[in-house]
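Okay, structure first, notes after.
The values are calculated or read from the model by the stated rules, or taken from the named source; none is laboratory data. Everything numeric here is computed off the predicted structure, so don't read it as measured data. Cβ atoms come from the backbone with ideal geometry, glycine included; neighbour counts cover every protein chain shown.
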Amino acid sequence: MSNAVLSGEKVVNYIDGEWCESASDKYTAIINPATGESIGEILLSTKEDVNRAVEAAKKAQKQWALVPAPQRAELLYRVGLIMKERKEELSRILTQEMGKVIEEARGEVQEGIDMAFYMAGEGRRLFGQTTPSELKDKFAMSIRVPVGIVGIITPWNFPIAIATWKSFPAIVGGNAVIWKPATETPLMARELVKIFEEAGLPKGIINLVCGSGSEVGNAMVEHPEIDVISFTGSNEVGRSIAETCGRLLKRVSLEMGGKNAVIVMDDADLTLAVEGILWSAFGTSGQRCTACSRVIVHESVKEQLEERLLSAMEKLTLGNGLDESVKIGPVINGSALQKIHEYVGIGKDEGAKLLTGGSILNDEKYGNGYYYAPTLFTDVRSDMRIAQEEIFGPVVSIIPVKSFEEAIEVNNGVTYGLSSSIFTRDVNRVFAAQRDLDTGIVYVNAGTTGAEIHLPFGGTKGTGNGHRDSGVQALDVFTEWKSVYVDYSGKLQRAQIDVE
Ligand code: UN1
């Protein structure tokens, strides 16, 4: 099974513990980006399906909230164990529907396994606070309670990891989930739901509704009985979700990409910097929210860095990610390929110097897959569009600077704020940088990717709206705080008034 090549797959909805079709009876193809071939189809649901899922979730959530959190957590342990057992099989499915190379797919599945065990541990914590009351014979505490029904909308670039970041804390927190996965990557969604099913999650706690953002996503965001929306995707879609949620007073957690930079100072270990840049810029073909798309380099080491990067890039192998020797897979689809190529054109028109790449790869060996040559621009100015806008592909812009202060200013001079990195051996600069870089994640002497699940993931400015995925902080998205006062004095005690 683990070596199976996928074909003829069909992904339908999972509502109230049943795999089910939609009245729409419409489907769209699931394409393997490495080959351009269809490997199956996914159901395109309607608003009615969302309504049904909410009804099921409402019923189930009331009971689930009463299950002690350590027991809810035990289910996540089982989920983690099943994922671990099926790691190789899941990784191979992931590579075939999303395109990332098998080594990275294994890493992503591992991220989900880590999240399962981590959040399972939270079931025995879910800490609140006790605090002294200002009055005698009175007890005060704050506790976490479930929000209720959670809507999660997940992207194709990390189809299982991001789903676990959102669904696991929601479930351990006592909520029911309605999940719309990206239409490009429903197979991982189906597999995760099957794992929940096998682990014994009661029906109605996870409901999968497949379909487009405009139909299913909108219906979720607009639904008055979905209490919170957690979304990862583009800034444009995130903004419109936030507007609707604002109008409905609905809680919303957004993670919307980045324009992440690696800073290379004059005292950097250049060998290490090149490795860090290569991995974080071209891994996942640049399709990580955390991907490095700018290199801010001190002018005194610019030429050396360019030379080293160019020679390292020559060794990158592109192709089908199932081949263990391949380092870079395809991008997700034809429109991504076009968008990336348009940005390369914009860069050239803006006067940036193209050092390598800049083309769609369509030699015979790539078949009908969607491959873009790893691309490096230099002499890029910080105000150019290629240095400001998220490209989401294997395109890097080198921006020369004259000082540490200028490097920080350039790093912070974008509308996004997800991840940043600095290569330096100067401890003073390390501490100044981690203070002054304005992103939600900062790396020192490592590239811009590689977030671990027990730390908060997210960013500032156009990247988010103040919430975080993963880490213990994710629980704040999916739980409500309740303050409880117990007066055992037997008389009326008025706060702020009956205080001696
Ligand atoms: C994303 O890019 O959307 O830090 C998630 C990383 C991964 C997660 C990335 N652990 O690159």
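Cβ-Cβ below 8 Å, separation at least six or inter-chain, first residue in the stretch 156-170 and over 21 Å from residue 75 (Cβ atoms), second of a type in the set (Gly, Ala, Ser) and within 15 Å of the ligand (Cβ to nearest atom): which pairs?
From residues that are over 21 Å from residue 75 (Cβ atoms), the pairs are 156/182; 159/182.
Using beta carbons and a limit of 7 Å, which pairs, at least six apart or on different chains, have the first residue in the stretch 60-71 and at pLDDT 95 or above and the second one hydrophobic (A, V, I, L, M, F, W, C)?
What qualifies is 60/176; 60/205; 61/149; 61/176; 64/176; 64/205; 69/126; 69/172.
Residues of the stretch 355-386 being within 30 Å of the chain's Cα centre (by Cα) and assigned to a strand (DSSP E or B), which ones?
356, 360, 361, 371, 372, 375, 376, 377, 378
Of the residues 492, 455, only one is among the hydrophobic types (A, V, I, L, M, F, W, C), surrounded by fewer than 17 Cβ atoms within 10 Å (Cβ to Cβ) and within 22 Å of the chain's Cα centre (by Cα); which? Before you say what the answer is, go through the steps one by one.
Values: 492 fails: within 22 Å of the chain's Cα centre (by Cα).
Just a single option satisfies the conditions, and that option is 455.
Name the pairs whose Cβ atoms lie under 7 Å apart, with the first residue in the stretch 282-295 and over 17 Å from residue 347 (Cα atoms), the second more than 8 Å from the ligand (Cβ to nearest atom) and among the acidic types (Asp, Glu), and 6 or more positions between them or separate chains?
That search, which allows pairs on different chains as well, returns 283/104; 284/104.
What's the number of the only condition in (1) assigned to a loop (DSSP other than H, G, I, E, B); (2) more than 30 Å from residue 500 (Cα to Cα); (3) more than 13 Å from the ligand (Cβ to nearest atom) that residue 135 fails to meet?
(2)
Yes or no: the stretch 104-121 includes at least one residue that is polar (S, T, N, Q) and closer than 17 Å to residue 162 by Cβ. Spell out the reasoning first.
As a first pass, look at the stretch 104-121 and keep what is polar (S, T, N, Q): 110.
With closer than 17 Å to residue 162 by Cβ added as a condition, the list becomes 110.
Yes, that holds for at least one residue.
Could you please give the count of residues in the stretch 287-321 that are of a type in the set (A, V, I, L, M, F, W, C), crowded, with 19+ Cβ neighbours inside 10 Å and over 19 Å from residue 421 (Cβ atoms)?
Start the filter on the stretch 287-321 by keeping residues that are of a type in the set (A, V, I, L, M, F, W, C), which leaves 289, 291-292, 295-297, 301, 305, 309-310, 312-313, 316, 318.
Still in the list and also crowded, with 19+ Cβ neighbours inside 10 Å: 289, 291-292, 295-297, 301, 305, 309, 313, 318.
Add one more test, that the residue is over 19 Å from residue 421 (Cβ atoms), and what stays is 318.
Total meeting the criteria: 1.
Just checking, how many residues over the stretch 404-418 are free of Cβ contacts under 8 Å to residues at least 60 places away in the same chain and in a loop (DSSP other than H, G, I, E, B)?
Residues flagged as free of Cβ contacts under 8 Å to residues at least 60 places away in the same chain and in a loop (DSSP other than H, G, I, E, B) within the stretch 404-418 amount to 1.
Please state which one of 276, 351 is in the same structural domain as residue 411 (by TED's automatic domain parsing), out of contact with any Pro (no Cβ under 9 Å at 6 or more places or on another chain), modelled with pLDDT of 95 or more and within 16 Å of the ligand (Cβ to nearest atom). Full working, then the answer.
Working: 351 fails: within 16 Å of the ligand (Cβ to nearest atom).
Among 276, 351, only 276 is in the same structural domain as residue 411 (by TED's automatic domain parsing), out of contact with any Pro (no Cβ under 9 Å at 6 or more places or on another chain), modelled with pLDDT of 95 or more and within 16 Å of the ligand (Cβ to nearest atom).
Residue under question is residue 263, and the condition is that it be buried (at least 23 other Cβ atoms within 10 Å of the Cβ), more than 16 Å from the ligand (Cβ to nearest atom), closer than 28 Å to residue 467 by Cα and under 17 Å from the mean Cα position of the chain (by Cα); does it hold? Please lay out each step first, then the result.
Working: buried (at least 23 other Cβ atoms within 10 Å of the Cβ): yes; more than 16 Å from the ligand (Cβ to nearest atom): yes; closer than 28 Å to residue 467 by Cα: yes; under 17 Å from the mean Cα position of the chain (by Cα): no.
Here the answer is no, as residue 263 does not meet what is asked.
Could you pull out the residue among 216, 177 that is modelled with pLDDT of 95 or more and farther than 19 Å from residue 478 by Cβ? Before the answer, list the steps.
On the way: 177 fails: farther than 19 Å from residue 478 by Cβ.
The unique qualifying residue is 216.
May I ask you to list the residues in the stretch 450-500 that are of a type in the set (Asp, Glu) and either over 18 Å from residue 173 (Cβ atoms) or in contact with a Cys (Cβ under 8 Å, 6 or more places away or on another chain) (or both)?
Going through the stretch 450-500, the residues of a type in the set (Asp, Glu) turn out to be 452, 469, 476, 480, 487, 498, 500.
Result: 452, 487, 498, 500.
Picking from 190, 124, which residue would you name as being touching a helix residue (DSSP H, G or I) at 6+ places or on another chain (Cβ under 8 Å) and not small (Gly, Ala, Ser)? Step through it out loud before you land on a result.
On the way: 190 fails: touching a helix residue (DSSP H, G or I) at 6+ places or on another chain (Cβ under 8 Å).
After applying the criteria, what remains is 124.
Out of curiosity, is residue 84 in the same structural domain as residue 220 (by TED's automatic domain parsing), exposed (fewer than 15 other Cβ atoms within 10 Å of the Cβ), part of a helix (DSSP H, G or I) and of a type in the set (Lys, Arg)?
Details: in the same structural domain as residue 220 (by TED's automatic domain parsing): yes; exposed (fewer than 15 other Cβ atoms within 10 Å of the Cβ): no; part of a helix (DSSP H, G or I): yes; of a type in the set (Lys, Arg): yes.
For residue 84, the condition - in the same structural domain as residue 220 (by TED's automatic domain parsing), exposed (fewer than 15 other Cβ atoms within 10 Å of the Cβ), part of a helix (DSSP H, G or I) and of a type in the set (Lys, Arg) - is not met.
Within the group 494, 468, which residue is within 16 Å of the ligand (Cβ to nearest atom), at pLDDT 95 or above, of a type in the set (Lys, Arg) and not assigned by TED's automatic domain parsing to the domain that holds residue 276?
Details: 494 fails: within 16 Å of the ligand (Cβ to nearest atom).
Result: 468 is the single residue among 494, 468 that is within 16 Å of the ligand (Cβ to nearest atom), at pLDDT 95 or above, of a type in the set (Lys, Arg) and not assigned by TED's automatic domain parsing to the domain that holds residue 276.
Please give the number of the condition residue 289 fails out of (1) within 16 Å of the ligand (Cβ to nearest atom); (2) in the same structural domain as residue 228 (by TED's automatic domain parsing); (3) not acidic (Asp, Glu).
(2)
Which residues, taken from the stretch 239-258, are within 13 Å of the ligand (Cβ to nearest atom) and modelled with pLDDT of 95 or more?
First, the residues of the stretch 239-258 that are within 13 Å of the ligand (Cβ to nearest atom): 254-258.
Within the stretch 239-258, 254, 255, 256, 258 meet the criteria.
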